[in-house]
1. With each pseudo-label sitting 7 Å past Cα toward Cβ, what's the Q119-Q142 distance in nm, one decimal?
2. For a quick check: with amide H placed at 1.01 Å from N, whose amide H comes under 5 Å from M361's, ignoring anything fewer than 5 positions away on the same chain?
3. Grab the Cα-Cα distance for Q179 and Q105, subtract it from 0.36 nm times how many residues apart they are, and report the gain in nm with one decimal.
4. With a cut-off of 8 Å between alpha carbons and a minimum separation of six or more residues, what is the relative contact order of the chain in percent?
5. Kindly rank 247-256, 261-270, 292-301 from highest to lowest mean number of other beta carbons found within 10 Å of each residue.
6. In Å³ and rounded to a whole number, note down the convex hull volume per residue for the Cα atoms of the stretch 302-356.
7. Past the 18 Å Cα-Cα mark, which pairs from K150/K227; K227/K352; K114/K196; K150/K171; K24/K360?
8. Pull up all non-local amide H partners of G15: gap of 5 or more, or a different chain, and H-to-H distance under 5 Å with H placed in the peptide plane.
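The values are calculated or read from the model by the stated rules, or taken from the named source; none is laboratory data. On a predicted model such as this, the values are computed, not experimentally measured, just so you know. Cβ sites come from the backbone with ideal geometry, for glycine too, and all protein chains shown count toward neighbours. SASA here: full protein model, heavy atoms, side chains in, ligands and nucleic acids out. Shrake-Rupley method; radii C 1.70, N 1.55, O 1.52, S 1.80 Å.
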Amino acid sequence: MLRSKKEENVFLTVGILGGGQLAKMLAAAAQKLGLRVHIFERFSDSPASRSCDREFVGSWRSWEVLRNFAHSCDVITIESEFVPASTLHWLHSITPVYPDPVSLQRLQDKYEQKSVAQQAGFAVAPYRAVESEADVQAFAEQYGYPVVLKTRFLGYDGYGNRVVHQPSDIKSALRALQQREENAGIFVEAFVNFQKELALVYTRDAAGHVRFYPLVETVQQDGICHKVFAPAVVDADVEEQVQQRAARLADALRVVGTMAIELFLVDETTVLFNEIAPRVHNSGHFTIEACFTSQFENHIRAITGLPLGATEMIVPAAAMINILGTREGDPFPQNPAALLEVDKISVHFYSKERARPRRKMGHVTTVGETRQEVIDRIEQVAKVLQW
């Protein structure tokens, strides 16, 4: 669809840093638009390597490989915000990187995210940087137990979080997080008693145009997004307020591409900001089957300068369930036939090389006429799904 600016008579090439399932789905969206895809991953035979035109393999410090990768691409994006900032800035000096490395560097710090969100008008739970058991104890005495300890960097899917229920838990929780990521920094926040967890996925282009997907309800399992129901059942004013603040946040950061905000619905009218992911997100997988334009296609459109597509749902209701590993071993599910006997589902397997407990091995989406219909069907999937 688009010409490369680097080579004559060649289609534009999108480079993706990372080769996991998000890169795999981004690659499919780019190829749907007639674009080429190159990926850079730290190991070979990644899930996205089977869906791209060229694969580059090296560490985040393999400068020669990174240079070749950058020169082969017209634009570069990410599937994870955890690429080292120094690598992002270096690549950006060769080929444009989206989201902008300066913005990404700010959002890599979950403590900094809270400040950015507050400036955009979001309310947040009380939080504070901590260095010692005494710091955590003082915070807990002020706000009450339980409290949540979090690493400032490299936390995802429940990794990097510890819930502290009593003073005797502080030492072990603090030590576990400090050992996980040396010098990463830790903060504590008050535990939120919420009615629902929500997520908003949206895409912003370079001109500042924003398209919002429906607000969705998410259900977590051990800190991992397990199920998503769209649209969320919330007051219309709540969704409008979230969208307004999300747009201000994206404008302040000059983010180009798809991003997601995770939220707590405390009561019918009160929403607290939890975290932001400056990339395509698990809570937006349902958009492939349920919306006019998926979160992946709109991300590709945004970073390549194409007009954003419509984000409305084309069905009244949708649901998604993640396929999570339950064992260590080969990547093959125990009963794929039983899963596929469930009618009216879309199955996405990620082709990862090994299964392990809590690892995302795929997802299943269903759409329907009513919320109860898709809930019932996704529960049917959960009963037969075994890995």
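1. Inter-label distance under the simple model: 2.2 nm.
2. Residues meeting the criterion, in which the H sits 1.01 Å from N, are I323, L324, G325.
3. Values: separation 74, 0.36 × 74 = 26.64 nm, distance 2.26 nm.
Contour length minus the Cα-Cα distance gives 24.4 nm.
4. Numbers: 845 pairs, mean separation 50.6, N = 387.
Here the relative contact order equals 13 percent.
5. Details: 247-256: 19.3, 261-270: 17.6, 292-301: 24.9.
Going from most to least packed, we get 292-301, 247-256, 261-270.
6. Considering the Cα atoms of the stretch 302-356, their hull volume per residue is 136 Å³.
7. Over 18 Å Cα-Cα: K150/K227; K227/K352; K114/K196.
8. H38, D74, V75, I76, T77
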